[in-house]
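Contents: one structure, followed by commentary.
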Amino acid sequence: MIKRYVDSAEGGVLVELRSAALLLDPSHAAVAAELLGVAVGVPTGTVADRLPEPPCPVAVPAPFGTPAELAEELAAAAGSTSFERLLDGLTRHAWQDRDALAAALAPLPQSWEPLHALALVATGANPPETLTPLLQHRHEYGGAFGSVLAARLHEAARQLAADPVPFLLATPSWCNGALEAGELVARLARYEELGVRPGPVDFAQALLRTAGDEVAAVAAERLTSAAGRQLAAWLREGGLPGRESVVVPKGTEKYRYCEQPAPDADRLGLLAVASGAQPPEPLRLLLGPRPDLLERYWGKPWQLDERAAAVLPHHREETAVRLLPRLGDDRLPLLLAENGGPCGPAVHQLLALSGSAEDDRGRAATVDALLVLAARQAEAPTGFDPALLGREAGELVRDGAAKPNRLARTLTDLAAAGAPRLAWTVLAALLPVLLDAPVPRGAAELLTAAVDLARETGAHGAIPAVTRLATGGGRSKAVTEARTLAALLG
């Protein structure tokens, strides 16, 4: 139509047509040059992604100074940090002055929240057994991670009733759950001064939150208790060792997942309070092989929350292996990104699944997590690999576990957040897997996103799978977008 009427176009109309032609794809370059005298091209893609500064760790606030402060926080408890501070606060103030604690907690209304029930145990109003039925009917206390939380609550209740301790060992130093090695050594030294025996679950969780530290190990060598010797060995040998994950393709299971070997028995034995003893069962199961977890927890109702990410704060991959396929809290991808440890295939699978979340908040958290991981990878190697993310996302789409339209929105949002090159790298690796015959439903939306990102980044270099679809005939939207993308990529 333009060719028919272009000779009569002049002035402002011709200027507008030439401006619009600049938005055309390279496949129309020759026609645009002939009719309008403009050279159609694509950006050279020299602009770098605008990645945020990696987040700094946030310290856990100091312990509650008075029972009144504790009661105020208990009335509005929410989140991992509140859970840890309240668990420790009830322990501290029951040790210091149980009557003052009871007076401060008296105005609180009755509640089915387990921490409220623990508060009644702390004041002596209820026996520790009252906690059991409450935990059995709360989904967040089921499954591998929830059972660790439940075990900590049960142990705290028994200690409050019969064997009080001045404070807990496992209370983290940082809001992501990490515990400074020097701080743990100082706490255990205080236990020895008071003649206090650590709780087995509290001790094991404290160690799992602590990374190896040679300087702190030297200080721990001066401890005289059996727990002190276990801590010294843990710090000296580097804490919980990272383990490589193995991808298990879709088979009898309905999803793609990862497996890991269990830690060797000697390292696992360091989690016990005394040498030769067994570590607490919930933690042994958490760190053990996947079949044991499935046999114990599969099919049981459970819901993860942010406290799961704080159990193994130095081990993103180990956490991700045990989170899949149930992601739970929308913020888990971002919480994992803010933790430490290398990113393996399980982390990338989790990001792909959360990028396909039905809820907008889950996808927004995924965008934030990708930005954080990319920023940290730029600062120091973490193993985050956008191409691996793309391949895993493609496999999960083909398995039916991830929705291509939702992934397209997530990657579009990632580009809008300042990382179009990162989003394109993911898509460039995703498309060859996605377009392996037969082409799944929804592929057109990812191809559309790829066209936009290729334009924005100036990407070039043919992708064989895209070229094959573009030249294979047909008039579907996927084929049309593939042709446009193939032209953009040259």
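The values are calculated or read from the model by the stated rules, or taken from the named source; none is laboratory data. Every value quoted in this text rests on a predicted model; they were computed, and no experiment measured them. Note that each Cβ is placed from the backbone with ideal geometry, even for glycine, and that neighbours are counted across all protein chains shown. Ligands, DNA and RNA are excluded from the accessible area calculation, which covers all protein heavy atoms including side chains. Shrake-Rupley method; radii C 1.70, N 1.55, O 1.52, S 1.80 Å.
Brief remarks on what is shown
- Single residue of segment 122-146 satisfying the filter (within 28 Å of the chain's Cα centre (by Cα) and open to solvent by 20 Å² or more (accessible area, probe 1.4 Å)) that is nearest to Thr91 (Cα to Cα): Leu134
- Summed over segment 444-463, the residues that are surrounded by 23 or more Cβ atoms within 10 Å (Cβ to Cβ) and under 18 Å from Gly355 (Cα atoms) give a count of 5.
- Any hit, segment 427-440, residues being part of a helix (DSSP H, G or I) and within 22 Å of Pro52 (Cα to Cα): yes
- Within segment 124-152, the set of residues being assigned to a helix (DSSP H, G or I), farther than 19 Å from Glu318 by Cα and of a type in the set (A, V, I, L, M) comprises Leu131, Leu134, Leu135, Ala150, Ala151.
- Within segment 173-184, the set of residues being of a type outside the set (Gly, Ala, Ser), open to solvent by 10 Å² or more (accessible area, probe 1.4 Å) and either touching a Leu at 6+ places or on another chain (Cβ under 8 Å) or not in a loop (DSSP other than H, G, I, E, B) (or both) comprises Trp174, Asn176, Glu183.
- Residue in segment 317-325 that is in contact with a Leu (Cβ under 6 Å, 6 or more places away or on another chain), assigned to a loop (DSSP other than H, G, I, E, B) and either modelled with pLDDT of 90 or more or open to solvent by 20 Å² or more (accessible area, probe 1.4 Å) (or both) present: no
- Looking only at segment 230-273, and only at residues there that are part of a loop (DSSP other than H, G, I, E, B) and of a type in the set (Ser, Thr, Tyr), the one that is modelled with the highest pLDDT: Ser245
- Residue that is modelled with pLDDT of 90 or more, over 26 Å from the mean Cα position of the chain (by Cα) and not acidic (Asp, Glu), where the choices are Ala162, Ala151: Ala162
- The single condition among (1) touching a Phe, Trp or Tyr at 6+ places or on another chain (Cβ under 8 Å); (2) of a type in the set (A, V, I, L, M); (3) at pLDDT below 95 that Ala378 does not meet is (1).
- Residue that is most open to solvent (accessible area, probe 1.4 Å), among those in segment 464-479 that are in a helix (DSSP H, G or I) and under 12 Å from Ala443 (Cβ atoms): Lys477
So that you can scan it fast, the table gives a plain yes or no per residue for (1) within 23 Å of Ala346 (Cβ to Cβ); (2) in contact with a strand residue (DSSP E or B) (Cβ under 9 Å, 6 or more places away or on another chain); (3) at pLDDT 95 or above; (4) aromatic (Phe, Trp, Tyr):
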{"site": "Ala408", "(1), (2), (3), (4)": "no, no, yes, no"}
{"site": "Leu414", "(1), (2), (3), (4)": "yes, no, yes, no"}
{"site": "Ala437", "(1), (2), (3), (4)": "no, no, no, no"}
{"site": "Ala459", "(1), (2), (3), (4)": "no, no, no, no"}
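- Residue among Gly362, Gly390 that is closer than 26 Å to His315 by Cβ, in contact (Cβ under 8 Å) with a residue 40 or more places away in the chain and small (Gly, Ala, Ser): Gly390
- Subset of segment 207-229 (residues that are assigned to a helix (DSSP H, G or I), of a type outside the set (A, V, I, L, M) and open to solvent by 40 Å² or more (accessible area, probe 1.4 Å)): Glu214, Arg229
- The sole residue among Ala346, Ala337 that is touching a residue at least 24 places away in the same chain (Cβ under 8 Å), closer than 24 Å to Gln260 by Cβ and in contact with a Cys (Cβ under 6 Å, 6 or more places away or on another chain) is Ala346.
- Residue that is of a type outside the set (D, E, K, R), crowded, with 24+ Cβ neighbours inside 10 Å and modelled with pLDDT of 90 or more, where the choices are Leu332, Leu336: Leu336
- Candidates are the residues of segment 147-171 that are small (Gly, Ala, Ser) and crowded, with 21+ Cβ neighbours inside 10 Å; the one that is nearest to Ala189 (Cα to Cα) is Ala170.
- Helices (runs of 4 or more DSSP H) wholly inside segment 2-103 that include at least 1 residues being at pLDDT below 95, among the aromatic types (Phe, Trp, Tyr) and farther than 29 Å from Arg421 by Cβ: 2-5, 79-96
- Scanning segment 353-383 for residues that are within 13 Å of the chain's Cα centre (by Cα) and outside any helix (DSSP H, G or I) yields a count of 1.
- If you go through segment 84-102 and keep only what is small (Gly, Ala, Ser) and more than 15 Å from Leu169 (Cα to Cα), you end up with Ala94, Ala100, Ala102.
- Any pair with Cβ under 7 angstrom, 6 or more apart, that starts in segment 112-136 at a residue that is under 19 Å from Val148 (Cα atoms) and ends at one that is open to solvent by less than 30 Å² (accessible area, probe 1.4 Å) and modelled with pLDDT under 90: Pro114/Leu134; Pro114/Leu135; Ala117/Leu134; Leu135/Tyr141
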